[in-house]
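J.: Pasting a structure below so you can have a look.
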Amino acid sequence: MKKIILAAGCFWSVQYKLDNLKGVISTKAVYANGHIPDASYNQVCSGETGHAEAVLVNYDESVLPIKDLLLFFFQIHNATQLNKQGPDIGEQYRSGIFCFEEEQCHVAMKIIEELNSQAKYKDKKIVTVVEPVSMFNEAEEYHQQYYRKKGF
């Protein structure tokens, strides 16, 4: 089993979509790559912690290679929007790939380069940050599996 942290706006929808992808074993809503430990939702929403709302993804690479997982990630959000997704605005909603392994970052950068060379990205380039995981903590329980709890 491998793990990676993906950020693509509010983690509720991202977690739901990733949970339904074959090869994903489990997910957790997390706050990732900020500068204070054990951040809370209110702290992250203040915009002062540097965290991204994100999803810790545990996946089976024999079923879901990292390249396929990342290509799916780029399909489920607009990676050309800086610090926002839809109506959610702020650094905590940035597009990000936070890697536990150097190879994951390498694959991510290669995919971004390939996507940016496509005509679709002629006028707007991908702004997804790609960096090693520096710190993360689980989001509060009420954020976990939010869409499933609410019946979406």
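J.: So for the stretch 22-39 (the condition being part of a helix (DSSP H, G or I) and either touching a Pro at 6+ places or on another chain (Cβ under 6 Å) or over 13 Å from VAL129 (Cα atoms) (or both)), does at least one residue qualify?
T.: Taking every residue of the stretch 22-39 in turn, none turns out to be part of a helix (DSSP H, G or I) and either touching a Pro at 6+ places or on another chain (Cβ under 6 Å) or over 13 Å from VAL129 (Cα atoms) (or both).
J.: Residue check: is TYR142 free of Cβ contacts under 8 Å to residues at least 60 places away in the same chain and exposed (fewer than 13 other Cβ atoms within 10 Å of the Cβ)?
T.: Taking the combined requirement at face value, the residue satisfies it.
J.: Right, here's the next one. Out of the stretch 51-64, which residues are within 22 Å of LYS22 (Cβ to Cβ) and either open to solvent by less than 50 Å² (accessible area, probe 1.4 Å) or under 13 Å from the mean Cα position of the chain (by Cα) (or both)?
T.: ALA54, VAL55, LEU56, VAL57, ASN58, TYR59, LEU64
J.: Same structure, new question: Has the stretch 82-103 got at least one residue that is of a type in the set (Ser, Thr, Tyr), within 16 Å of GLN15 (Cα to Cα), out of contact with any helix residue (DSSP H, G or I) (no Cβ under 7 Å at 6 or more places or on another chain) and open to solvent by less than 40 Å² (accessible area, probe 1.4 Å)?
T.: Checked against the condition, which is being of a type in the set (Ser, Thr, Tyr), within 16 Å of GLN15 (Cα to Cα), out of contact with any helix residue (DSSP H, G or I) (no Cβ under 7 Å at 6 or more places or on another chain) and open to solvent by less than 40 Å² (accessible area, probe 1.4 Å), the stretch 82-103 yields at least one hit.
J.: Could you check LYS110 against (1) free of Cβ contacts under 8 Å to residues at least 12 places away in the same chain; (2) surrounded by 15 or more Cβ atoms within 10 Å (Cβ to Cβ); (3) over 16 Å from ALA7 (Cβ atoms) and say which number it fails?
T.: (2)
J.: Here's something else I'd like to know. Spot the failing condition for VAL127; the list is (1) open to solvent by 30 Å² or more (accessible area, probe 1.4 Å); (2) modelled with pLDDT of 95 or more; (3) within 15 Å of SER13 (Cβ to Cβ); (4) not small (Gly, Ala, Ser), and only one is missed.
T.: (3)
J.: What is the residue count in the stretch 11-21 for residues that are touching an Asp or Glu at 6+ places or on another chain (Cβ under 8 Å) and surrounded by fewer than 19 Cβ atoms within 10 Å (Cβ to Cβ)?
T.: Of the residues in the stretch 11-21, 0 are touching an Asp or Glu at 6+ places or on another chain (Cβ under 8 Å) and surrounded by fewer than 19 Cβ atoms within 10 Å (Cβ to Cβ).
The values are calculated or read from the model by the stated rules, or taken from the named source; none is laboratory data. No experiment lies behind these values; they were computed from the predicted model shown. Ideal geometry is used to build each Cβ from the backbone, glycine not excepted, and the neighbour counts take in all protein chains shown. Note: areas computed on protein heavy atoms with side chains; ligands, DNA, RNA excluded. Shrake-Rupley method; radii C 1.70, N 1.55, O 1.52, S 1.80 Å.
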